[in-house]
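Quick notes on the structure that follows.
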Amino acid sequence: MVLIDTSVWISVFRDRTGQVRQKLETLIDDREVLLTCFKGV
């Protein structure tokens, strides 16, 4: 199980080379991915 912070997703979407996405895919492999939800007070 992997918890991926929003800042990582931002880097993936901004990266035009695809290198960040490839690194993330390698880290994720076949693991379950969790996302966090930020709720302001």
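No value in this document is a laboratory result; all are computed from the given coordinates. The structure displayed is predicted, hence computed values, not measured ones. Methodologically, a virtual Cβ is constructed for each residue, glycine included, from the backbone with ideal geometry; neighbour enumeration extends over all protein chains shown.
Using the Cβ-Cβ distance between residue 38 and residue 15 with R0 = 30 Å, the FRET efficiency computed as 1/(1 + (r/R0)^6) comes to roughly 0.85. Of the chymotrypsin sites (Phe, Trp or Tyr not before Pro) found in the chain, those in coil by DSSP whose Cβ has at most 10 other Cβ atoms within 10 Å are 38. The C-alpha radius of gyration of the chain, expressed as a fraction of 2.2 N^0.38 Å, stands at 1.28.
Residues of the chain were split at every exposed loop site, defined as trypsin sites (Lys or Arg not before Pro) in a DSSP loop with at most 16 other C-beta atoms within 10 angstrom, and the longest piece left, sites excluded, is 1-15.
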